[in-house]
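The values are calculated or read from the model by the stated rules, or taken from the named source; none is laboratory data. Every value quoted in this text rests on a predicted model; they were computed, and no experiment measured them. Note that each Cβ is placed from the backbone with ideal geometry, even for glycine, and that neighbours are counted across all protein chains shown. In case anyone asks, the SASA skips ligands and DNA or RNA and just uses the protein heavy atoms, side chains included. Shrake-Rupley method; radii C 1.70, N 1.55, O 1.52, S 1.80 Å.
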Amino acid sequence: MSNALVTEKKLSNFINGEWVASNHERFAPVINPANGEKLLDVPLSTKDDVDQAVEAAKVAQKEWALVPAPQRAEVLFRIGYIMKERKEHLSQLLTMENGKVIEEARGEVQEGIDMAFYMAGEGRRLFGHTTPAELKDKFAMSQRAPVGVVGIITPWNFPIAIATWKSFPAIVAGNAVIWKPATETPMMAYEMAKIFEEAGLPKGVVNVVFGAGSEVGDAMVEHPDIRVISFTGSNDTGRQIAGKCGQLLKKVSLEMGGKNAVIVMEDADLELAVQGILWSAFGTSGQRCTACSRVIVHESLKERLEERLLAEMEKITIGDGLDENNKMGPIINEAGLRKIEKYIQIGKTEGARLLAGGYALDEGDFSKGHYFAPTLFTDVTADMRIAVEEIFGPVLSIIPVKSLDEAIAVNNDVSFGLSSSIFTQDINNVFKAQRDLDTGIVYVNAGTTGAEIHLPFGGTKGTGNGHRDSGQAALDVFTEWKAVYVDFSGKLQRAQIDVE
Ligand code: NAP
């Protein structure tokens, strides 16, 4: 029985290296979206718990910042090795709490392992610049300094990978972390806290406080001693957080929604495009920020592409992600399912033609979980709501166009700017598209998903606020630039004035 993997039936917060019961004995059930089974209870902590965690983090951070970065990195290496040993265990738990199929769960855990080793390498880099000073006998350099106590708020759809994109750069740079995972998916945070402890991360460097965003998340945003908020989630929440952080002059990094498109040009390898579209549209049941929800296809290929997609969509096996045969798992919860259904109605009312799916699966075993059939709309126009709003489910819209210029214009004509993709064999199309597609990530001859951790991850326009997760760019969120001038002339030298 897979539930045997869940050893803890009631979670506690992880504060100052101890498992601490929330100050208020309130809990929410965590439900396996594949079958409706209760996995465990997660505490609904309050502001008091956040305050307690921040006090611990403040003390720990002062010491941690003085540990040489290569030694801080040693801990990350150990974290990476423990995650590697436990990859299968973590992957199965991830599938149980989130629903994504086991193959994808393994991929997500691998992303965390990759991030651990990559950021551990930063312990011997964390490069600044040395530069000539304008005055004689003077030395100038810039270096990265930790910010202090940082807050990370993560969503349910990538409960381990996103947390590693944020916490590992924060740790290697000498910060202490308060982490609030999504209430739907707390098991990855519990498992990671155990790994931090075993890897020898000093007490208080990472603290996990479980609870609702409106309470724990908000208390973190408002806390005067949390100097950075790094958030991934929906635009509504991100906007609220940004407003508060703006008032408090708090650094905030936001990674939010997407409305990602695959462009298929007339010279594309059609079979390759079909595979890329299927993987990015229906993987994780469309519940990825980088999920493909629009196919912008040259009109000459439209019918052939539709036929091939329909034929392949029929083959998608749906069900509990722990069964290796299933290629698409459930939707996270009832609210997610209802939101998708709402958009099906909107699409129909707008005049889009439904070619497949469009309904929740609720017969037999499906009735225990939340499942939705892979769905294809065609004859969608660029201005329809289903073509511009994030649905977050397995719903794909086909938008025909006449040229590359039109395809790029349609791609860019949404408020989001996370990921885009083009299938073409023409080198001129490739270079024009990678220059003109207004997204933070561009794929050529691959779908819209598949980020590697050593490159920056994030989007333009409404997807974010200019910061990036992962890659070296993540260090910018969790460090302050410090400029250092050392004058060894033994006399007062005034910049800009005493220049000979
Ligand atoms: P969400 O509802 O905004 O929740 C995200 C996190 O914020 C959760 O931990 C949530 O806590 C917390 N939260 C909610 N209200 C808050 C508040 N007032 N103050 C502080 N924290 C608060 O988003 P979601 O539905 O979980 O995630 C799906 C969204 O994430 C999609 O829009 C998707 O595109 C986006 N996403 C973006 C990226 C990216 O890198 N661009 C990656 C993955 C996902 P509780 O849920 O526990 O209450």
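Listed peptides 105-113, 238-246, 282-290 appear in the order 282-290, 105-113, 238-246 once ranked by packing, highest mean of other Cβ atoms within 10 Å at the front. Net charge dipole, the range 260-444: roughly 340 debye, given to the nearest 20, about the Cα centre with Cβ charges of +1 for Lys and Arg and -1 for Asp and Glu.
What order do you get for 446-454, 349-357 when each peptide is scored by the mean count of other beta carbon atoms within 10 Å, highest first?
446-454, 349-357
Given all pairs of different Cα atoms, what value in angstroms does the Kirkwood hydrodynamic radius of the range 381-424 take? Answer for the range 381-424: a Kirkwood hydrodynamic radius of 11.5 Å. Could you give me the percent of Cα pairs per 5 Å distance bin for the range 168-288, shortest bin first, beginning at zero and ending with the bin that holds the maximum distance? Going out from 0 Å in 5 Å bins, the range 168-288 shows 2, 9, 15, 16, 16, 12, 10, 8, 6, 4, 2, 0 percent. In the chain, the calculated helix contribution to ellipticity at 222 nm averages -11500 deg cm²/dmol per residue, counting -39,500 (n - 2.57) for every DSSP H run with n ≥ 4. Where both bridge residues fall in the chain, DSSP classifies roughly 45% of the beta bridges as antiparallel. Candidates H370, V67, A212 compared by Cα position along the dipole of the chain: farthest toward the positive end lies V67, with charges placed on Cβ. If R0 is 45 Å, the Cβ-Cβ spacing of I427 and V486 corresponds to a FRET efficiency of close to 0.35. When you work out D = kT/(6 pi eta Rh) for the range 1-93 at 10 °C and 1.306 mPa s, using the Kirkwood radius from C-alpha pairs as Rh and the Stokes-Einstein form, the result is 99 µm²/s. Here, P(r) means the percent of Cα pairs in each 10 Å bin from 0 to the largest distance; for the range 290-394 it is 14, 45, 33, 8, 0. From the largest down, the chain spans 78, 62, 41 angstrom on the principal axes of its Cα atoms.
Ranking M96, F282, S167 by Cα position along the charge dipole of the chain, where only Lys, Arg, Asp and Glu carry charges on their C-beta atoms, puts S167 farthest toward the positive end. Here's the list of aspartates and glutamates a cross-link from K342 could span, going by alpha-carbon distance under 17 Å and ignoring same-chain residues fewer than 8 apart: E334, E350, D362, E389, E390. For the range 221-358, the extents of the C-alpha atoms along the principal axes are 57, 36, 32 Å, listed from largest to smallest. With both bridge residues required to lie in the range 260-444, what share of the DSSP beta bridges run antiparallel, to the nearest 5%? The answer is about 20 percent antiparallel.
Once Rg and the Kirkwood radius are both taken over the C-alpha atoms of the range 144-201, their ratio Rg/Rh works out to 0.97.
With all protein chains kept in place, the per residue accessible area of the chain amounts to 40 square angstrom at a probe of 1.4 angstrom. For the listed peptides 65-77, 364-376, a ranking on the average number of other beta carbons within 10 Å per residue, highest first, reads 364-376, 65-77.
Can you pull the percent of Cα pairs in the range 260-444 with separation above 20 Å? Across the range 260-444, Cα pairs with separations above 20 Å total 50 percent.
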